[in-house]
Amino acid sequence: MTPAAIVSKLWNFCNVLRDDGMSYGDYVEQLTYLLFLKMADERTKPPYNQKSNVPAEYSWPTLVKKDGDELFDHYRHTLENLGNQKGLLGLIFNKSQNKFQDPAKLRRLIVDLIDKENWSVMSADVKGDAYEGLLEKNAQDTKSGAGQYFTPRPLIQAIVDVIAPKPGETVCDPACGTGGFLLAAHDAIVAGHPHMTKDELKKLKEGTFKGWELVQSTARLCAMNLMLHGIGGLDSDLPLLVADSLATDPGARFDIILTNPPF
């Protein structure tokens, strides 16, 4: 399935939820929680066979098996408990809330839309571009203030083209929003250097990028966006901090600093 088809499928369901008063932003957040749990479960199976950092009692299969009010209660407890965890779980689920009003619609999203796809086998381009498409649709719908977290992609691309990042360089964004600059820098390195070594590819995934974002709800979208594009992962160090980047010395120096221009 193409990114456009996935975005269309997921976004059409959002129109159903609008009748329940759920905003586009709320919908993308709920998708983030559920996609994370589904992918964490997928990574425990062949060929990955990785240990999940999600406690078994709050794993994806426990959601799929429930329905009605039981599903609602379990989903709420899942969000609350995972939000108290440390590391990537805390980053994704901190302060998370169930915004669904109808248990049947929550179950439809879980069973009919998310559970039917194997997200882990999709290439980073497909699932990453699909998620980016949802973020862009949300920004278009909420134009007021959207610039604080969704810089226009042509502007990002123009700046990254001028900077021309290279393998081995470290890149940071001290006000990263949903991660547009970091992703554009990643794509530029991949496109401009197709014959990177295994070590260079490993550093590109785990040691090249760092972002700071002050707003928790935006940071969780950024974390998921980066992960879906192959930056960081379920079992690697976080490439993102929820903090004011100007409050303290970051303790590290970066070759390239990218961020939203002040205009």
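The values are calculated or read from the model by the stated rules, or taken from the named source; none is laboratory data. It should be emphasised that the depicted structure is a prediction, and the values quoted were computed from it without experimental measurement. Note that each Cβ is placed from the backbone with ideal geometry, even for glycine, and that neighbours are counted across all protein chains shown. Please note that ligands, DNA and RNA were not included when accessible areas were found on the heavy atoms of the full protein model with its side chains. Shrake-Rupley method; radii C 1.70, N 1.55, O 1.52, S 1.80 Å.
Based on what the data block shows, is Asn12 part of a helix (DSSP H, G or I), under 25 Å from Asp125 (Cβ atoms) and open to solvent by 60 Å² or more (accessible area, probe 1.4 Å)? Yes; evaluated as a whole, the condition is true for this residue. Report yes if Leu221 is open to solvent by 10 Å² or more (accessible area, probe 1.4 Å) and assigned to a helix (DSSP H, G or I), otherwise no. The answer is yes for Leu221.
Of the set (1) over 20 Å from the mean Cα position of the chain (by Cα); (2) in a loop (DSSP other than H, G, I, E, B); (3) within 21 Å of Asp26 (Cβ to Cβ), all apply to Ser96 but (1). Highlighted here are the helices (runs of 4 or more DSSP H) found entirely within region 116-212 that include at least 2 residues which are within 25 Å of Asp249 (Cα to Cα) and open to solvent by 50 Å² or more (accessible area, probe 1.4 Å): 198-206. Restricting attention to region 42-72, the residues that are in a helix (DSSP H, G or I) and closer than 16 Å to Asn118 by Cβ total 4. Pairs linking a residue in region 4-22 that is of a type in the set (Asp, Glu) to a residue that is open to solvent by less than 70 Å² (accessible area, probe 1.4 Å) and outside any loop (DSSP other than H, G, I, E, B), with Cβ atoms under 9 Å and 6 or more positions apart or on different chains, are Asp20/Lys105.
Take the conditions (1) of a type outside the set (A, V, I, L, M, F, W, C); (2) in contact with a Gly (Cβ under 8 Å, 6 or more places away or on another chain); (3) crowded, with 18+ Cβ neighbours inside 10 Å; Thr32 misses just one of them, which is (2).
For beta carbons closer than 8 Å, sequence separation of 6+ or different chains, a first residue in region 153-167 that is touching a residue at least 12 places away in the same chain (Cβ under 8 Å) and a second that is hydrophobic (A, V, I, L, M, F, W, C) and assigned to a loop (DSSP other than H, G, I, E, B), the qualifying pairs are Ile159/Leu258; Val160/Leu258; Ile163/Leu258; Pro167/Met196.
For region 51-95, a residue qualifies if it is surrounded by 15 or more Cβ atoms within 10 Å (Cβ to Cβ) and among the basic types (Lys, Arg), and exactly one does: Lys66. If you go through region 104-125 and keep only what is at pLDDT 85 or above and among the aliphatic types (A, V, I, L, M), you end up with Ala104, Leu106, Leu109, Ile110, Val111, Leu113, Ile114, Val121, Met122.
What number of residues within region 224-247 are β-branched (Val, Ile, Thr) and open to solvent by 10 Å² or more (accessible area, probe 1.4 Å)?
Pass one, region 224-247, residues β-branched (Val, Ile, Thr): 231, 242.
Next, from what is left, pick out any that are open to solvent by 10 Å² or more (accessible area, probe 1.4 Å): 242.
So the answer is 1.
Could you give every pair whose Cβ atoms fall below 8 Å, whose first residue belongs to region 31-50 and is touching a residue at least 60 places away in the same chain (Cβ under 8 Å) and more than 19 Å from Val111 (Cβ to Cβ), and whose second residue is open to solvent by less than 20 Å² (accessible area, probe 1.4 Å) and assigned to a helix (DSSP H, G or I), counting only separations of at least 6 or pairs across chains? So the pair list comes out as Tyr48/Glu42.
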